[in-house]
Amino acid sequence: MDTVVVSRLYLALVLLFLLKETDLWSVADRFLLSRGFIQTLLSSSSAQELEEFWPFNALLTELTRRLTYCVQAELIPLMEVAGVMEGRAKQQYKTGYKTLAHLANADPNVLMKTSACFLKRFSNQIVASAKV
């Protein structure tokens, strides 16, 4: 078998494991690759950069977003809020804030009380960022 084909298959398997909501560290350990290499692979795997894939841009947008965040699909809208990382997105999702609209319409005081470790300033920032 051609080594180029095997290399591409190997990299496709790495991307598949990332797509299956496995965190970057676990994938790096499983495939014996550095996290830096995997992050570079993620950034270079966007089909939007390749002209020959222009017909597939609309189809691959969601795939690119999922690979960018490496989280469950339902957390992606919450991850787009400034200052929200995976842990906070999971916490917000569990407390009922499932979309940007939920966060944008949230009362910062209620958000602060329902989410552990939230300061009032941070709650205000999240609500303001979700409104944008």
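Readers should treat all values here as calculations from the given coordinates under stated rules, not as data from a laboratory. A quick note: this is a predicted structure, and the numbers were derived from the prediction, not measured. With ideal geometry, Cβ positions are generated from the backbone for all residues, glycine too; neighbour counts draw on all protein chains shown.
Please work out the FRET efficiency for the pair LYS20 and SER44, using the Cβ-Cβ distance as r and a Förster radius of 25 Å; give the result to the nearest 0.05.
That gives a FRET efficiency of 0.80.
If one puts a single equal scatterer on every Cα of region 76-131 and applies the Debye formula without solvent, what log₁₀ I(q)/I(0) results at q = 0.17, 0.22, 0.27, 0.30 Å⁻¹?
The Debye formula, applied to the Cα set alone, gives -0.40, -0.70, -1.16, -1.52.
Tell me the label-point distance for the pair ALA128, THR95, using the 7 Å Cα-to-Cβ offset, in nm and rounded to one decimal.
1.9
FRET efficiency for LEU119 and VAL5, Cβ-Cβ distance as r, R0 = 30 Å, nearest 0.05?
About 0.05, to the nearest 0.05.
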